[in-house]
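Trainee: If you scroll down you'll find the structure; I have some questions about it.
Since every read-out is calculated from the coordinates, none of them should be taken as a lab result. For clarity, every value in this text was computed on a predicted model and none was experimentally measured. Every residue, glycine among them, receives a Cβ derived from its backbone with ideal geometry; neighbour counts consider all protein chains shown.
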Amino acid sequence: MLILANDIHVTIRAHGAASYPNEGCGLLLGETRDGDTVALAARPLPNVWPVEAEKPERFRIDPADWLAVELEAADVGLEVVGVFHSHPDHPPVASPRDVAWAAFAGYSYLITQVVAGTAGLSRSWQLLPDRSGFVEEPVSEE
Amino acid sequence: MTTIRIPTPLRPYTGGNGAVDVSGATVGEALADLTRLHPQLRAHLYDGEALRSFVNVYLNKEDVRGLQGSDTAVNADDTLMIIPSIAGGVERVVDHSALKVNQAFIIAFLLLAFVLNSLWLVVFVAAVMLLGTAVPALSLFKGVYSRVLRPAGLVKPAVTPDNPEPHRFAQGFGGVVLLAAIAALAAGATALGWALVGVVVVLAALNLFLGFCAGCFVYYQLNKLGVPGFTHSPLQQGG
């Protein structure tokens, strides 16, 4: 299960809406607690997909940005526990492309639907250990 | 010893350790020592002999790809970090069954128009094609597919990763050729008019039977030339 604490869903939804019509993305910082992922902070990051016209359908996080967030998190005793991105005008379902370009299994992959600039539902996914696909995990807010 | 920082999801494979001290004079040797100490990591970091495409190794905040890669020298007080690249996004897909049904209708109606010598049937097909290009939701023949043929199980969907825009352009291009044909037929240039109709039939048949979309080819050539509005390049596999 992915637990979104400290109203970070507000931050995530606002970033998705502000990025519209492009995909917005970022990292979830937090900790693992009794097998659940607890996201305590969200760090929006630039979508560095190289082709501007494709940003409504694609995102990429610069590993240099990831490194900076990883170090920042470590300084305050947190870890990178997941990745979030928005799907403008598409359902918040992990796509084959998300599978192909995902990172390690074990991160939460939170996807927020944004319709006509308004953020909607978020759903979270876990990559299967053999990288064959995503399974949904429950999301709760605390 | 050099320290390698381990990303959170890989810590179950290092006994929960967020950092592992390894020996080795280069990045490659250090990583080899890491997977020797924790063999389960190997499948997550490597695809065969090479690091997985999304795995980046940073030496003291610098990507080793910009240094000497796996041959980059490491010292005892260095820290290596494993940082993933991540990308993704919604899938661009096209239902090729819808396109084929559309092409089949276009060919059938245009052949019928020729046999019946009916200018109005050509006008009808041109209107359907141009309307479907302008407002894809109003595409009549694709509507027959999505509302009748597919629900009835008569045509199975064939949804594959593809850009819809080139197919839309191809249909619009065909519609414009038909407009020229209509002008020629109306002006009495019968041979030219039916020849232009024939061009549309042949191009649609090439697409239907051989899977070659001439309009898409033109679209991608214009994309390559950087013509504004032709923003989508052919879909790439992988990263």
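Trainee: State the answer as a single residue: which of A:LEU29, A:GLY82, A:VAL114 lies farthest towards the positive end of the charge dipole of chain A, with beta carbon charges of +1 for Lys and Arg and -1 for Asp and Glu, about the Cα centre.
Mentor: Comparing the listed Cα positions along the dipole, A:VAL114 ranks first.
Trainee: Round to the nearest 10 and give me the degree value, 0 to 90, for the angle of helix B:96-116's Cα axis relative to the longest principal axis of chain B.
Mentor: Taking the Cα atoms of chain B, the angle to B:96-116 is about 20 degrees.
Trainee: Once the Cβ-Cβ distance between B:PHE114 and B:VAL176 is put in as r, and R0 is 22 Å, what FRET efficiency do you end up with, to the nearest 0.05?
Mentor: With R0 = 22 Å, the Cβ-Cβ based efficiency is 0.70.
Trainee: Using Cα atoms only, what is the angle between the long axis of helix B:164-186 and the major principal axis of chain B, expressed in degrees (0 to 90) to the nearest 10?
Mentor: 20 degrees
Trainee: Using a 4.7 Å Cβ cut-off, which Cys residues in the protein assembly as shown lack a partner cysteine?
Mentor: Singleton cysteines: A:CYS25.
Trainee: Over all alpha-carbon pairs of the protein assembly as shown, lay out the pair-distance distribution in 20 Å bins, whole %, shortest bin first.
Mentor: That works out to 24, 43, 24, 8, 0, in percent per bin.
Trainee: Considering only A:PRO129, A:PRO46, A:PRO88, give the residue with the highest GNM mean-square fluctuation for chain A, with springs between Cα atoms whenever their separation is below 10 Å.
Mentor: Most flexible of the set in this elastic network: A:PRO129.
Trainee: Over chain A, what relative contact order in percent results from Cα pairs under 8 Å that are six or more residues apart?
Mentor: 27 percent
Trainee: If each residue of separation counts as 0.36 nm, what is the full-extension length gain between B:THR231 and B:ALA195 once their alpha-carbon separation is subtracted?
Mentor: On the way: separation 36, 0.36 × 36 = 12.96 nm, distance 3.20 nm.
Answer, rounded to one decimal: 9.8 nm.
Trainee: Hey, with R₀ at 35 Å, roughly what FRET efficiency would B:ASN75 and A:VAL76 work out to, going by the Cβ-Cβ distance, to 0.05?
Mentor: In this case the efficiency is close to 0.80.
Trainee: Same structure again: Given a Förster radius of 35 Å and the C-beta distance between B:ASN17 and A:GLU52 as r, what FRET efficiency does 1/(1 + (r/R0)^6) yield to the nearest 0.05?
Mentor: 0.25
Trainee: Compute for region B:93-224: radius of gyration divided by Kirkwood radius, i.e. Rg/Rh, restricted to C-alpha atoms, rounded to two decimals.
Mentor: 0.97
Trainee: Of B:VAL199, B:LEU131, B:LEU154, which is farthest towards the positive pole of region B:93-224's charge dipole, taken about the Cα centre with +1 and -1 on the beta-carbons of Lys, Arg and Asp, Glu respectively?
Mentor: Selected residue: B:LEU154.
Trainee: Let me ask another. So if I place +1 on the C-beta of Lys and Arg and -1 on the C-beta of Asp and Glu, and nothing else carries charge, what would the dipole magnitude of region B:68-185 be about its Cα centre? I want it in debye, nearest 20.
Mentor: Roughly 980 debye, rounded to the nearest 20.
Trainee: Let me ask something else about it. Label B:LYS224 and A:ASP62 with points 7 Å out from Cα along Cα→Cβ: what is the distance between them in nm?
Mentor: It works out to 3.2 nm between the two label points.
Trainee: Also, I was wondering about something else. Using the Kirkwood formula on the Cα atoms of region B:2-84, what hydrodynamic radius do you get, in angstrom to one decimal?
Mentor: The Cα-based Kirkwood calculation yields 12.5 Å.
Trainee: Per-residue ellipticity at 222 nm for the protein assembly as shown, helices alone: DSSP H runs ≥ 4 residues times -39500 (n - 2.57), over residue total, nearest 500 deg cm²/dmol?
Mentor: Taken over the protein assembly as shown, the calculation gives -12000 deg cm²/dmol.
Trainee: Quick one: compute the contact order of region B:1-124, relative version, from alpha carbon pairs under 8 angstrom and 6+ residues apart, as a percent.
Mentor: Value for region B:1-124: 25 percent.
Trainee: Mind listing which trypsin sites (Lys or Arg not before Pro) in region B:3-62 are in a DSSP loop and have 10 or fewer other Cβ atoms within 10 Å? Intermediate results must be reported in sequence, preceding the final value.
Mentor: On the way: sites: B:ARG5, B:ARG36, B:ARG42, B:ARG52, B:LYS61; in loops: B:ARG52, B:LYS61.
Qualifying residues, ordered by number: none.
Trainee: Taking the Cβ of B:LEU208 as the centre, find all other residues whose Cβ is under 15 Å away and add up their charges (Lys, Arg: +1; Asp, Glu: -1). Walk me through the numbers on the way to the answer.
Mentor: Working: positive: B:LYS100, B:LYS142; negative: B:ASP95.
So the surrounding residues net to +1.
Trainee: Which lysines does B:LYS142 reach when only Cα atoms under 26 Å apart count, and residues fewer than 8 places away in its own chain are ignored?
Mentor: Candidates past the 8-residue exclusion: B:LYS100, B:LYS156.
Trainee: Cα-Cα pairs above 22 Å in chain B: how many percent?
Mentor: The answer is 65 percent, as a whole percent.
Trainee: Mind putting a number on the dipole of the protein assembly as shown about its Cα centre? Charges go on the C-beta only, +1 for Lys and Arg and -1 for Asp and Glu, and I need it in Debye to the nearest 20.
Mentor: About 1980 debye.
Trainee: Now for a separate question. Tell me the label-point distance for the pair A:ASN6, A:GLU142, using the 7 Å Cα-to-Cβ offset, in nm and rounded to one decimal.
Mentor: A separation of 1.4 nm, rounded to one decimal place.
Trainee: Right, next: What span do the alpha-carbon atoms of region B:93-162 cover on each of the three principal axes, reported in whole Å from largest to smallest?
Mentor: 38, 26, 19
Trainee: With axes computed from alpha carbons, what is the tilt in degrees of helix A:63-75 against the longest principal axis of chain A, rounded to the nearest 10 within 0 to 90?
Mentor: 30 degrees
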